[in-house]
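Worksheet: one structure, shown below.
The values are calculated or read from the model by the stated rules, or taken from the named source; none is laboratory data. On a predicted model such as this, the values are computed, not experimentally measured, just so you know. Here the Cβ is made from the backbone with ideal geometry for all residues, glycine too, and neighbour counts use every protein chain on show. Each accessible area value is taken on the protein alone, full model and side chains, heavy atoms only, with ligands, DNA and RNA left out. Shrake-Rupley method; radii C 1.70, N 1.55, O 1.52, S 1.80 Å.
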Amino acid sequence: MTNDDRHIGHVAQLVQQCESYLDEQAPDRERALEYHDGKVDDLPVDTDDDGNPVRSSVVSKDVRSALKKLMPSIMRSILSNDKLVEYAPVAQEDEAGAEQATDYVNNVVVPECGAEQAIYDSVFDALLLKTGIVKWAAYRKLSAEIHEFTDQGDNDVLGLFDDPDIEIFDHEKTEETDKDVLALDPNARRHSFKLRRTVKKKEVRLEAIPRGSFLIFPGADSIDASPIVGERQEVTRSELVERGYDREKVDNLTAQGGVSSEDDDKHARMGDDWTQIEGGTTKALETVKIYEVYVRLDLDGDGIAEMHKIVFGEGGDGDKDEKNRVVLEKEAVTEAPYADVVAERDAHQFEGHSVFEDVEDIQRIKTSLLRGTLDNIYWQNNPQPEVDLSVVADPEAVFAPRFGKPILKKGGTAGVPAVTWRQIPFYADSSFQMLPYMDEIAKDRTGITEQSGGLDPAQIANVNTGVAQLAAEAGIAQAEMIIRTLSRGGLKKAFRGLLKLVIAHHDQPRTVRIRKEWVEYDPRHWNVDMDCKVNVGLGAGSRERDMAVLQVILGLQEKLLGQLGPDNPYVKPDQLYNTLAKMTETAGFPSAEPYFTKPDPEEIQQELEAQQNQPDPEKMKVQAQMQIEQAKADARQQVEQAQMQADLMVKDAERRKDLEVAELKAQVDLLKHNQQMALEYAKHGLAPPQMAQIGLPGAISG
């Protein structure tokens, strides 16, 4: 036995232990699914000899009701965001790469990889079956494309028949009818044919693995701690060949159910022709069981167990004691591409806690109460008769009654009742009162109320706002806790793994159209170790609650933008657009594009620069006011200067007048003095001395 055989044998033993553990849990999963579908087989129904129920068989669907309250809120909260996931840089040089990765994954990868269905299925499994499993994987796909061409010229098919990747069949040649072509080549022909081309693709997928197919080692409390994880798959041979596995190995896998005696007979009669004719199609569609596992093995003998991916199945050439295992793939990998999704985590356990576990006995009890209540009502509406056949002349009228048909009595039986009715006590009203009590127990256990899926307007029509808000918050608390657990647990791990796949399997840049623009992305330059965050927020409550919160945010944004302008440190134009887009989505519209245009950063920058170059109206107003005040000050100064000059002129005129008056007075005084002196001299007979003449205005010398 080779080392490879021993390793595969060891892996097969681990798989066998995982399958045993999986089969032990199978009855619980089957019962949970049956309760969800309205089947309570552990509460049997009384039937007659023909198998027809003789009692009520109604079933209370409490498990389904609880999930229908939670699922809409959870899915709306997770999937209604434009950015389902947001990647965060782990180094300074990762800033641009993180932004590009966020745009590319949300707008391109998520729609192409089936993320929405995977999230829905895994969350559903978590709520009902304890744990959902999400897997991220890249598949090599081989597909055959067939194209038909008619009436092609020689130049049109030049080199086509020599291409090794192309198969030409149903080829027909006809005469060339174009004279110009025949003039150049008299042997020219027209071609009609079919072309088959094998196309190789790599497809990145995010998918939910059925819980009944996922393998984990017994006792492991997490996927990372388990020595082996994986899944068992039942697929067709054709699908395995499309994945790129060797066809000879695929054909050697044992088909599910084995080979029938009819197939043996056909092969005996037709020999190899059966394989080529019918078997070519039949065998390609046969279902085989394979195991895709991720196990830690020390294949190089260095004492350290590395993670390996092994895909194998049971072959057809092994004996009963030693099975022949066909290994389709074996390679070293960095991690197991699985994440567990749980709604309510149990400490130190891999499996989560499901809604079914809380509601199982409630549904069984309510089913029993409903059946007993209806049976009692049926007895009241259809009482059981007691018939005295010795009195009744026509028993058919009793056993097959019709409206208006009399019951004939035999003669001589006057006063003797022919039919009496058995009275059954009416207890349906008492048993029916137990149903609300059981509902309250379910609410206490699960935290799920009618408000978990959003408030009913009829319930709050006559209730004040405070009471309605308390009811809403109490109803959505459980939903919000579940959403937080989902987003920070398995979904976050899944989207980190999805980014690694995108980076690993892109061998060239890709140009895609995002928000009406063609953008080129090259994931090869992104950091595979970037962290991520699954964006959740609004959505756990009603649309009215979400819209009210958004209205408050919009009001604050408008106030800040109006007071501080678009270039403020608190709110940017693109953040305002995000609010408007979220309000549009909350209102129920699929996109905000028909109503609002996402702002272009370059246009915003140009507008800001233009505004900076233009004078500020407030500054212009202040400057104008300052100019007015300056003009007023200048005018006042000029007035004051004119007043001062006028005052100086007045004072100068007064001063000169005073001088003239003083001079005139002095002359008058001198004249009076001279005249006085002349009189004195005349009295004494003396001649007056020569005196200075004083000229007075208008005076006459004497």
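Assorted remarks:
- Highest-first packing order for the peptide set 47-59, 7-19 is 7-19, 47-59, based on the mean count of other beta carbon atoms within 10 Å.
- Averaging 1/r over every pair of different alpha carbons in segment 321-401 and inverting the result gives a Kirkwood radius of 20.9 Å.
- Long pairs among 309/500; 68/366; 201/598; 130/202, criterion Cα-Cα beyond 24 Å: 201/598; 130/202
- Among 508, 523, 498 the positive-end extreme of the charge dipole of segment 487-532 (Cβ point charges): 498
- Pairs from the table (141/194; 39/141; 283/330; 533/582) lying more than 29 angstrom apart at Cα are 39/141.
- Helix 617-683 vs. the chain, principal-axis angle (Cα, 0 to 90°, nearest 10): 10 degrees
- C-alpha long axis of helix 465-488 to longest principal axis of the chain, angle in °: 70 degrees
- Taking the convex hull of Cα positions in segment 114-175, its mean projected area over all directions (nm²): 7.7 nm²
- Modelled spin-label separation between residue 144 and residue 175, with each label point placed 7 Å from Cα along the Cα-to-Cβ direction: 3.6 nm.
- Note on segment 491-600: the alpha carbon radius of gyration divided by the globular reference 2.2 N^0.38 Å gives 1.36.
- Mean projected area (nm²) of the alpha-carbon convex hull when segment 1-137 is viewed from all directions: 16.0 nm²
- Percent breakdown of C-alpha pair distances by 5 Å bin, ordered from the shortest bin, for segment 79-138: 4, 16, 20, 20, 18, 12, 7, 3, 1
- Within the straight-line cut-off of under 12 Å between alpha carbons, the aspartates and glutamates reachable from residue 443 are 62, 358, sequence neighbours fewer than 8 places apart in one chain being disregarded.
- Estimated purely from DSSP H runs of n ≥ 4, each contributing -39500 (n - 2.57), the mean residue ellipticity at 222 nm for the chain is -15000 deg cm²/dmol once divided by its residues.
- When Rg and Dmax are taken over the Cα atoms of segment 570-682, they come to 42.3, 137 Å.
- For residue 198, net neighbour charge (Lys/Arg +1, Asp/Glu -1) across residues whose Cβ lies under 10 Å away: 0
- In the complete set of protein chains, residue-level accessible area for residue 246 is approximately 80 Å², probe 1.4 angstrom.
- Longest DSSP-loop-exposure-free segment, chymotrypsin sites (Phe, Trp or Tyr not before Pro), the chain, at most 13 other Cβ within 10 Å: 162-402
- Of the three principal axes defined by the Cα atoms of the chain, the extents in descending order read 198, 115, 74 Å.
- Between 0 and 90°, nearest 10: helix 261-270 axis offset from the chain longest Cα axis: 80 degrees
- For segment 45-111, the alpha-carbon coordinates run over 77, 20, 19 Å along the three principal axes, in decreasing order.
- Structural size metrics of segment 362-415, computed from C-alpha coordinates, are Rg and Dmax of 17.9, 58 Å.
- Note on the chain: with neighbouring protein chains present and a 1.4 Å probe, carbon and sulfur make up 50 percent of its accessible heavy-atom surface.
- Taking Cα centre as origin and charging only the Cβ of basic (Lys, Arg, +1) and acidic (Asp, Glu, -1) residues, the dipole magnitude of the chain rounds to 3620 debye.
- Heavy-atom surface of the chain, accessible at 1.4 Å and reported per residue (Å²): 62 Å²
- Fraction of alpha-carbon pairs over 16 Å apart in segment 541-586 - percent: 37 percent
- Cβ-defined net charge surrounding residue 250, 12 Å radius [Lys, Arg +1; Asp, Glu -1]: -2
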